[in-house]
Structures are given as C-alpha cells and as structure tokens.
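Student: If you scroll down you'll find the structure; I have some questions about it.
The values are calculated or read from the model by the stated rules, or taken from the named source; none is laboratory data. Predicted model only: the values in this text are computed from it and were never measured. Because the Cβ atoms are built from the backbone with ideal geometry, glycine has one as well, and the counts that use them run over all protein chains shown. Keep in mind that these areas ignore ligands, DNA and RNA; they rest on the heavy atoms of the full protein, side chains included. Shrake-Rupley method; radii C 1.70, N 1.55, O 1.52, S 1.80 Å.
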Amino acid sequence: LLSISKLGVEVMDTTLVIMAAGIGSRFGGGIKQLETVDENKHIIMDYSIHDAIKAGFNKIVFIIRKDIAKEFKEVIGDRIEKVCALHNVKVAYAYQELENIPGSLPEGRKKPWGTGQAVLAAKEHLTEPFVVINADDYYGQEIYQQLHDYLVQENPTYCMAGFILKNTLSDNGGVTRGICHMKDGYLSDVVETKNIVKTADGAESNGRALDVESLVSMNMWGLTPDFIPVLEKGFEEFFAREVPQDPMGSEYLLPILVGELLAKDEIQVKVIKSEDTWYGMTYREDVEPVKASFAQLIAEGVYHPDLYDNVNNPHL
C-alpha cells in the first residue's frame, strides 16, 4: 500500500476508480462520458483526473465495456496514460461484462448489472484505499483532497462525499439522488430518490417537497480493499434474491448495498460534506450549460486552459 515518491518519501497509495461503462439512454444518443466540455476538447473525466492527481491519487482505474474500448482509448485513454506517466500515476483498465455473475445469465438480459458489479470488475486493481466516481459527473476540486486525506489516515472507515441537494439539480429534467440521513457525521441511511425536479420553491420528487439543503450521495464513495469481499457476498445474495424476481431490470447498486449494511449495523460510513456545485450531463440539453460552467471556472483561474499544465501531484 506504500510507494516511494521521487523525493524518497513513503506515501500511501490511493486509487481513483472511474465507472465509464454506461451509455446514457436519456442523453439522446452517443457516449455522454466522451462529450467534450471545453475548447481544448477535454471531457468531464479529464477534470476529475486532474483534481485527483492534484489531491495525491497515484493510480487511475477505468471501468469500461469492451465494445467501447477502442473509442474510449482514442478519446481519452491513450492521452491520459501519457499525462499520468509524467506525474508518476499508474493507469489500468477493467471491463464490466454482463456474463461476469455468480449464476446463469437470464435469457434476453441486455441491461448492465449496476455500480456494485462495476466495482467488482476492477477488484484485482483495488489493493489500496480507493474512491469510486461516475465518469460523467464533475464533483469539484475540494472533495478529492478531503477524501484522499481521510483515506490515508490510519484505519479509516468507509466514507462518502455528501453534496448539497440544491447544488446537484438539472434545469432540464428529473434526476435520481441518494438522500442521506446522518448521525454524528456518519451515514445512518441513504434513500434513493427518483425524479427530483427543480421547483419555484426548491425541489420535489413526485409531488413531495424536499429540503434543498439536504446532503445527497452522488455515487462518490471512499472505500478500502476489505470492502471487496463484502461486495462479492452482497452480489451473490442479490443474484439469489433479486434476479429471479426481475431478471431483465434488477441492478446491484452501491447505495442500496450500503443502505442494507447500515441497517444491519455492519459498516460505518463517514459523510464528508462538499460545498462545491456538481455538474453533469444527464440530458442533451445539459451540454451547453456545463460547457459554460467550465468556461467560467477557467476564466476564474480555477483551471488552466490547457488543464494539465497546472496539475501537481503533491506526492511526486
């Protein structure tokens, strides 16, 4: 778990896991994870990788599907490998496959098995503390530093980035968020809430008003290698319990598994609050506002126009 920096100092290895296997059906065609967001053709993943390297992460694991591997590597993979090599950061690939399951594939099943299976696809690469993110979400710089610093402490618990609900909504339609309930800074429950839309007064889901100051999960989890056996056991139980009831649509999702484990008091999850605004492209109409947001961040000097010109891994 330790490596030696160029300065000869031992540092804790940490990994960023990017879930990039999905093609967004609500996005109106195309691979939304590969949509460019600035004049230099960077995509949201570039900003996530920049922020992670800057925070001290020294390995990137991409979870993709084999059928998009060629395009993925052409658009980002090959380029990122060159950038990471300059900063002493390793790059690895894992492939989420429909057939990689603890049972028989239901006939006609096309839908991926969800975020829990995605992380399991990368298990051979997860030998150190790691943070899991969505490929098409921008989380802001601050949270990477907070999660990194928490995970390199001695014996950390699991952790989760908590974003303020009002900072995570789309102007163009409903979104799904995991609304968090907490006690003493630790997660007590996460309620997956669908179709959250902006209203004149704040936000609502299916007619029920929501507190826009609530903290929500954006699928940004800080975990350690001992979570992998828990994840494997949960997948076996999911496959035996859920798949027979819904063979075409059931999904093994990290927030649901975490909620089940919390209910049984089997894990602790520290909630680390972020004040940053989330950007993402759930809908095709989100593209231009997201591009405008990155242009503003560049204009304010948060990022260099050439992006990687101002990244500096503090552990080099």
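Student: Quick test of your reading of the structure: CYS84 fulfils all but one of (1) open to solvent by 10 Å² or more (accessible area, probe 1.4 Å); (2) at pLDDT below 95; (3) in contact with a strand residue (DSSP E or B) (Cβ under 8 Å, 6 or more places away or on another chain); (4) not acidic (Asp, Glu). Name the failing condition by number.
Tutor: Looking at each condition in turn, CYS84 falls short on (1).
Student: For the stretch 140-154, state whether one or more residues are on the phi > 0 side of the Ramachandran plot and either at pLDDT 95 or above or not in a helix (DSSP H, G or I) (or both).
Tutor: yes
Student: May I ask you to list the residues in the stretch 87-97 that are farther than 15 Å from LYS73 by Cβ, touching a strand residue (DSSP E or B) at 6+ places or on another chain (Cβ under 6 Å) and of a type outside the set (Lys, Arg)?
Tutor: If the condition is that a residue be farther than 15 Å from LYS73 by Cβ, touching a strand residue (DSSP E or B) at 6+ places or on another chain (Cβ under 6 Å) and of a type outside the set (Lys, Arg), then GLN96 is the only one that fits.
Student: On the basis of being out of contact with any Phe, Trp or Tyr (no Cβ under 9 Å at 6 or more places or on another chain), among the hydrophobic types (A, V, I, L, M, F, W, C), in contact (Cβ under 8 Å) with a residue 40 or more places away in the chain and not in a loop (DSSP other than H, G, I, E, B), does ALA161 make the cut?
Tutor: The answer is no for ALA161.
Student: Okay, next question. Which pairs have Cβ atoms under 6 Å, sit 6 or more apart or on different chains, and link a residue in the stretch 90-119 that is touching a residue at least 24 places away in the same chain (Cβ under 8 Å) to one that is hydroxyl-bearing (Ser, Thr, Tyr)?
Tutor: TRP113/TYR252; GLY114/TYR252; GLY116/TYR252; GLN117/TYR252
Student: In the set ASP226, ASP211, which member is within 16 Å of VAL17 (Cβ to Cβ) and more than 17 Å from the chain's Cα centre (by Cα)?
Tutor: Answer to the selection: ASP226.
Student: Tally up the residues in the stretch 149-164 that are crowded, with 23+ Cβ neighbours inside 10 Å and not aromatic (Phe, Trp, Tyr), please.
Tutor: 5
Student: OK, next. Just to be sure, is LEU262 out of contact with any helix residue (DSSP H, G or I) (no Cβ under 9 Å at 6 or more places or on another chain) and either surrounded by 18 or more Cβ atoms within 10 Å (Cβ to Cβ) or within 21 Å of GLY140 (Cα to Cα) (or both)?
Tutor: yes
Student: Give the number of residues within the stretch 155-199 that are among the aromatic types (Phe, Trp, Tyr) and touching a Gly at 6+ places or on another chain (Cβ under 7 Å).
Tutor: Qualifying residue count for the region: 1.
Student: Of the conditions (1) within 21 Å of PHE57 (Cα to Cα); (2) open to solvent by 10 Å² or more (accessible area, probe 1.4 Å); (3) modelled with pLDDT under 95, ALA135 clears all except one; give me its number.
Tutor: Going through (1) within 21 Å of PHE57 (Cα to Cα); (2) open to solvent by 10 Å² or more (accessible area, probe 1.4 Å); (3) modelled with pLDDT under 95 one by one, ALA135 breaks only (2).
Student: Quick check on ASP309: is it closer than 26 Å to LYS110 by Cβ and not aliphatic (A, V, I, L, M)?
Tutor: Criteria not met by ASP309.
Student: Of all the helices (runs of 4 or more DSSP H) wholly in the stretch 220-316, which have at least 3 residues that are over 29 Å from THR127 (Cβ atoms)?
Tutor: Helices (runs of 4 or more DSSP H) meeting the threshold: 287-299.
Student: Need pairs with beta-carbon distance below 6 Å; first residue open to solvent by less than 50 Å² (accessible area, probe 1.4 Å) and within the stretch 193-204, second of a type in the set (D, E, K, R) and outside any loop (DSSP other than H, G, I, E, B); sequence gap 6+ or separate chains.
Tutor: THR193/ARG177; ILE196/ARG177
Student: Here's something else I'd like to know. Which members of the stretch 267-291 meet the condition of being at pLDDT 95 or above and either open to solvent by 20 Å² or more (accessible area, probe 1.4 Å) or among the β-branched types (Val, Ile, Thr) (or both)?
Tutor: Hits for the stretch 267-291 are ILE267, GLN268, VAL269, LYS270, VAL271, ILE272, LYS273.
Student: While we're on this one: Which pairs do you get when a residue that is in contact (Cβ under 8 Å) with a residue 24 or more places away in the chain and under 23 Å from TRP221 (Cα atoms), found in the stretch 237-258, comes within reach of a residue that is part of a helix (DSSP H, G or I) and hydrophobic (A, V, I, L, M, F, W, C), reach meaning Cβ atoms under 6 angstrom, with the pair 6+ apart or on two chains?
Tutor: So the pair list comes out as TYR252/PHE235; TYR252/PHE238.
Student: Still on this model: Every residue in the stretch 165-190 that is more than 24 Å from GLU142 (Cα to Cα) and surrounded by 16 or more Cβ atoms within 10 Å (Cβ to Cβ), please.
Tutor: Residues satisfying the conditions are ASN172, GLY174.
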